[in-house]
Amino acid sequence: MRLNMNGVHMPLYEHVFISRQDLSNAQAEGLIEHFGTVLADNGGKLVDSEYWGVKTMAYKINKNRKGHYAFLRTDAPSDAVQEMERLMRLHDDVMRVMTIKVDEHEEGPSIQMQKRDERDDRRRERR
């Protein structure tokens, strides 16, 4: 937890959400910006975000086999997080939302991004 300007503890959160596969990459990344703005309007801030791309899911959700995955690290009061989650769940393009409260954010890219970078490196080595 960190203190904001008023001396109030601000918990740290990590969020993953899955949006519909028929969105363009730009639209999916626009959702990240939109929900970051929602947090800012409610006294929180988006510390970091990652767009993980389109991934195949283990099972269908709303007749979709794939989805755009996005990861957010936030520093926000619980009211701001609740409002963001409420809007995510009401948004037609968002299929799933998961929020986890963490003690501290890990530095650097998430494990998903590290895996993608390793795959890219292996592909370059083969050429």
Which whole-Hz ³J(HN,Hα) couplings does the range 39-55 yield from phi under the Karplus relation 6.51 cos²θ - 1.76 cosθ + 1.60, θ = phi - 60°, glycine and proline marked x? 4, 4, 5, 10, x, x, 8, 8, 6, 7, 9, 9, 9, 8, x, 8, 10
If each part is reduced to its alpha-carbon centroid, the range 81-105 and the range 10-58 end up apart, in Å, by 9 Å
For a Förster distance of 22 Å, can you work out the FRET efficiency between the beta-carbons of Met57 and Asp103, rounded to the nearest 0.05? 0.15
Compute the whole-percent fraction of alpha carbon pairs in the range 42-94 spaced more than 15 Å apart. 59 percent
Would you work out if the range 10-126 is rounded, prolate or oblate? Take a ≥ b ≥ c from the square roots of the eigenvalues of the alpha-carbon gyration tensor; rounded if a/c is under 1.5, else prolate when a/b is larger than b/c, oblate otherwise. oblate
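Any read-out appearing in this document is the output of simple, stated calculations on the displayed coordinates, not a laboratory observation. These numbers come from a predicted model, not from an experiment. Note: ideal-geometry Cβ built from the backbone for every residue, glycine included; neighbour counts use all protein chains shown.
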